[in-house]
Amino acid sequence: MEEKIQKVPAGESQMPKVAPAKTSESPSKPEKRAFILSSSPHIQAEEDVAKIMRAVVYALLPTAVFGIYFFGWRALVMMLVGIAAAVLTEALLNLVQKKPQTISDGSAVVTGLLLVLTLPPSLPYWMIIVGAFVAIFIGKQLFGGLGYNIFNPALLGRAFLQASFPIPMTTWTMPRTIDAITTATPLGSFKFEKTLTPYLNLFMGNVGGCVGETSALAIIIGGLFLLYKKYADWRIPVSYLTTVAIFGSLFWLINPAKYPDPIFHLFSGGLMLGAFFMATDMVTTPVTPKGSWIFGIGAGIILVIIRLFGGLPEGVMYSILLMNAFTPLINRYTRPKFFGEAKHV
Amino acid sequence: MSLKTFAKGVHPAEFKSLSEDKPIEKMPLPSEVFIPLQQHIGAPCTPVVEKGQMVKTGQVIGKSGGFVSSTIHATITGKIKTIEKFPHPLGINVPMVNIMAEGEEELLPLENLPEKWENASREEILDIILRAGIVGLGGAAFPTQVKLNPPKGKSIDTFIVNGCECEPFLTADHRMMLEQSQELLTGIRIIMKVLNVKRTFIGIEANKMNAVDTLRQATKSFSEITVVPLKVKYPQGAEKMLIDAILNRHVPPGGLPLDVGVVVQNVGTTIAIAQAVTAGKPLIERVVTVTGDAINEPKNVLVRIGTSFQQLLDFCGGLTNNAAKIIMGGPMMGVAQSSLQVPVIKATSGIVCLSDKYTQAKPIYPCIQCGNCVSACPMNLLPTRLARYAEVGNLIMAENLGILNCIECGSCAFVCPAHIPLVQQIRLGKLQINELKRKSKSI
Ligand code: SF4
Ligand code: SF4
């Protein structure tokens, strides 16, 4: 069988290899050169994993800048600590496991930055390091590295911090204050005190919350950039946000005094960041277009249920992690019909 | 107006401007030719000539039996130096007839031609096509008389001429449509008669609007022939995608165009049929696009089958110093060559010479599940899964996911940001599955 395979056109070389050109027997001057042999296609689009990761970082820049504006230089230091911890963890794990170095693919930078953007602005630095370590080690490398992980690493790191350090993880400071004045997030104040935060503040981000989750404006700018570059599947934010809006409206129409309106749902908490940057993580979301719809709708329903009926004010993280767990299943059941399979003439 | 097309696919850069305005040039006769005895799908031909024998151009040198058969002709006048194995552009050594040019060039036309093809019977025409050694010139090299002779019970209602030429760089079909529109028209009419169909579509990608205009003009008085401009998208020229775009019919998995009542022929093949049936010319030459950024003078060349790549490239000013890869066919589906000694065969639509600029090895990452390949696959497969299952040897899963439907168009690997050699892995998986099937059948 081996032999047969060897004989096949263009399948012959496992990897591009250089074969010496045989001397032509033709009378015209023989060309003695080596040409590269490799399988078709011989041209590729200018796509690259590292390039995609860089684009995600760029897309997060507005969010990071707003975070620093609202929560001060400490937010910047947090980001640097998170990124450094994530990259170092991956580098060290590769060293220990004697695997080829992978940090240049840029995915650890994205994980570190995303993690910090979902953390309260007053969280101690060492906890950030713990979170980044868990995100990379358990969230990614244990599964076999980039591409093999089931859960969004940043969210997994955050879930770990939330479970281990519940108090610091829910201590919020008011934006643009010198001393940390403890405050509540808009979702928290609604859940526990039934007060609504003004929409403009929600949109701009001038509210209590995580470093990079407060400004819907900044997140949408970056998110649209990602969608434009096709580095995120538009179906996910569209289906996720629409589901939250519709499902949230249902309850609001039933009892406006008890449940928040859909606009509040959309612009508060981590929903925007989650919808544009977490739920669109390629590795942990479905590869099929239909699967993307299901992912977004499922996450939307779970989110509203947690927000309205769970013990926690916020549910973005769990809604995405849960749907991550379902992703392999969704992929399996949303296989597109083969060309010609459905439609016979 | 929105142009017709198929779902999914990709948009590679075209690179056609290198040669699209270059009229077809006839290359002077080569000093020697290497003519493979197998140039078509089906049983190889057995030689009917001997070492040392003198042959004339057009003289039959190889014949094959069986239903899927074809004919091989001498392509220059001269003396047979040897018949032995030489490297073939598809990567194998196959028996070839090596003819050295000698004496006055003389063409032996096909015999027993009808006075007027309009009065010839279907069988007569099919016989001429077989004797002329015509095979699909688009790259598949399937014997044409077989394709034009659908089994009983399949009713064919439409003939489609494939003028898409969707592979980047290639312009041979484009030039033929511009320069040989009358012959193309004759070929279409002959095929319509053979198939007994009442309508023909000529599908042309909209980057060749001058060809669309030329052919509209040429077919003006034939209401049954329609020229259809198609959206520029790869692989628009794949038979199944072309039929989908024009007729909105979907060839079922594992099926052939004739399962949906269609026969597709490429432009060059259709012209070759006209030349054989009306002028008795066997398939001894073809138009080849020699192009790329590593050839000095990109050209469309009418060249004798069996001419070595070396001689053909020399005719085009030779390779540049930074030439790194020589591809037979287009860059999406073509086959990289290690030697320039290989001959032009009937399936050589082009020779694309790429410099080191296009051959930098890109880093291979693990699959990041981005879904690009899924969004690109015109056959609606999950290339990432197919490649993975093929790689780990899970052939059952690979087959369940439709690996055998893959047409190896390369769209998936083209868009993969992880640069995974998806087509290569899928191709190996297909081979292994087909091998197993053959074995289990023979038990
Ligand atoms: S899986 Fe096959 S048919 Fe689909 S894009 Fe890849 S090569 Fe083309
Ligand atoms: S395009 Fe490449 S990286 Fe993306 S899903 Fe397909 S195989 Fe994986």
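Key figures
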| item | result |
| --- | --- |
| Cross-link table A:K99/B:K437; B:K193/B:K299; B:K22/B:K233, entries beyond 28 Å C-alpha to C-alpha | A:K99/B:K437; B:K193/B:K299 |
| Length released on extending from B:N196 to B:N112, taking residue separation times 0.36 nm less the Cα-Cα span | 28.0 nm |
| Alpha carbon convex hull of the range B:1-100, projected area averaged over orientations, nm² | 10.9 |
| Inter-probe distance in nm under a simple model that places probes 7 Å from Cα toward Cβ, at A:Q97 and B:D213 | 6.1 |
| Counting DSSP beta bridges with both ends in the range B:112-279, the antiparallel % (nearest 5) | 5 |
| Computed Rg/Rh of the protein assembly as shown, alpha carbon atoms with Kirkwood Rh | 1.08 |
| Projected area, mean over directions - chain B, Cα convex hull, nm² | 21.8 |
| Estimated dipole of the range B:372-442 in Debye, rounded to 20 [Cβ of Lys and Arg +1, of Asp and Glu -1, Cα centre] | 260 |
| Length gained when the stretch B:A13-B:E84 is fully extended (0.36 nm per residue, less Cα-Cα span) | 21.5 nm |
| Choice from A:P166, A:P237, A:P100 showing the highest fluctuation, given a GNM over chain A with Cα pairs closer than 10 Å | A:P100 |
| Relative contact order of chain A, defined on C-alpha pairs under 8 angstrom at six or more residues apart (%) | 14 |
| Helix-only mean residue ellipticity at 222 nm for chain A, each DSSP H run of n ≥ 4 adding -39500 (n - 2.57), per residue, nearest 500 | -17000 deg cm²/dmol |
| Shielding by other protein chains, B:360-367, mean Cβ within 10 Å | 5 |
| About the Cα centre, charge dipole magnitude for chain A (Lys/Arg +1, Asp/Glu -1 at Cβ), debye | 540 |
| Net charge of Cβ neighbours under 10 Å - reference B:K430; Lys, Arg +1; Asp, Glu -1 | -2 |
| Among B:P253, B:P30, B:P235: highest mean-square fluctuation, GNM of chain B, C-alpha pairs under 10 Å | B:P253 |
| Partners for B:K441 among lysines (Cα-Cα distance below 18 Å; same-chain residues under 8 apart left out) | A:K4, B:K430 |
| Relative contact order (percent, whole number), the range B:372-442, Cα cutoff 8 Å, 6+ residue spacing | 36 |
| Magnitude of the charge dipole, the protein assembly as shown, Cβ model with Lys/Arg +1 and Asp/Glu -1, debye to 20 | 1300 |
| Shielded by partner chains, the range A:39-77 residues - at least 30 Å² of accessible area, 1.4 Å probe, vs chain alone | A:S39, A:S40, A:P41, A:H42, A:I43, A:Q44, A:A45, A:E47, A:D48, A:V49 |
| DSSP bridge pairs, the protein assembly as shown: antiparallel proportion in percent, nearest 5 | 65 |
| Accessible area per residue, Å², the protein assembly as shown with all protein chains present, probe 1.4 Å | 40 |
| Ordering of B:45-53, B:407-415, A:260-268, B:427-435 by burial proxy (mean other Cβ atoms within 10 Å per residue, highest first) | B:407-415, A:260-268, B:427-435, B:45-53 |
| Mean Cβ neighbour count within 10 Å, used as a protection proxy, ranking B:124-135, A:83-94 highest first | B:124-135, A:83-94 |
| Kirkwood Rh and Cα Rg combined as Rg/Rh, the range A:49-334 | 0.95 |
| ³J(HN,Hα) computed for each position of the range A:275-287 - Karplus, 6.51 cos²θ - 1.76 cosθ + 1.60, integer Hz, glycine/proline x | 5, 8, 10, 9, 6, 9, 4, 4, 4, 9, 10, x, 8 |
| Separation in nanometres of the label points that stand 7 Å from Cα toward Cβ, at B:Q53 and A:T242 | 7.1 |
| Alpha-carbon centroids, the range B:378-417 and the range A:268-282: separation in whole Å | 30 |
| Per-residue HN-Hα couplings for the range B:404-416 [Karplus 6.51, -1.76, 1.60; θ = phi - 60°; Hz; x = Gly/Pro] | 6, 7, 4, 9, 6, 6, x, 4, 5, 5, 4, 9, 6 |
| Shielding score for B:311-324, defined as the mean number of other chain Cβ atoms within 10 Å | 2 |
| Per-residue ³J(HN,Hα) for the range B:386-394, Karplus 6.51 cos²θ - 1.76 cosθ + 1.60, θ = phi - 60°, Hz, x for Gly and Pro | 4, 5, 5, 5, 5, 5, 8, x, 8 |
| Listed residues B:F309, B:F34, B:F222, most fluctuating in chain B (Gaussian network, C-alpha, under 10 Å) | B:F222 |
| Taking chain B and dividing mean pair separation by its residue count, relative contact order in percent (alpha carbons under 8 Å, at least six apart) | 18 |
| Placed amide H near B:I35: partners under 5 Å, 5+ positions off or other chain | B:V97, B:N98, B:I99 |
| Hits among lysines - C-alpha to C-alpha of B:K231 under 23 Å, sequence gap 8 or more where chains match | A:K229, A:K230, A:K343, B:K4, B:K8, B:K16, B:K208, B:K220, B:K240 |
| Global size of the range B:112-279 as Cα Rg and Dmax, reported in angstrom | 14.8, 43 |
| Farthest positive-ward along chain B dipole, Cα basis, beta-carbon charges - from B:Q360, B:P30, B:V301 | B:Q360 |
| Aspartates and glutamates whose Cα lies under 12 Å from that of B:K198, excluding same-chain neighbours fewer than 8 positions away | B:D157, B:E224 |
| Interface area, B with A, accessible, probe 1.4 Å, both sides summed, Å² nearest 100 | 6400 |
| Dipole-positive endmost among A:G223, A:A45, A:L329 within chain A (Cβ charges, Cα centre) | A:A45 |
| Inter-chain shielding of B:248-254 (mean C-beta neighbours from other protein chains, 10 Å cut-off) | 5 |
| Radius of gyration and maximum dimension Dmax of the range B:268-411, Cα, Å | 19.3, 57 |
| Cα lying deepest toward the dipole's positive end in the protein assembly as shown, options B:Q424, A:L312, B:S349, charges on Cβ | A:L312 |
| Sparse-neighbour loop sites [GluC sites (Glu not before Pro); the range B:54-115; at most 13 other C-beta within 10 Å; DSSP] | B:E104, B:E105, B:E106, B:E111, B:E115 |
| Entries in B:K116/B:K147; A:K51/B:K357; B:K26/B:K346 that, when Cα-Cα distance is taken, lie over 21 Å | B:K116/B:K147 |
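The values are calculated or read from the model by the stated rules, or taken from the named source; none is laboratory data. Every value quoted in this text rests on a predicted model; they were computed, and no experiment measured them. We place every Cβ from the backbone using ideal geometry, glycine too, and count neighbours over all the protein chains shown. With ligands, DNA and RNA removed, areas are computed over all heavy atoms of the protein, side chains included. Shrake-Rupley method; radii C 1.70, N 1.55, O 1.52, S 1.80 Å.
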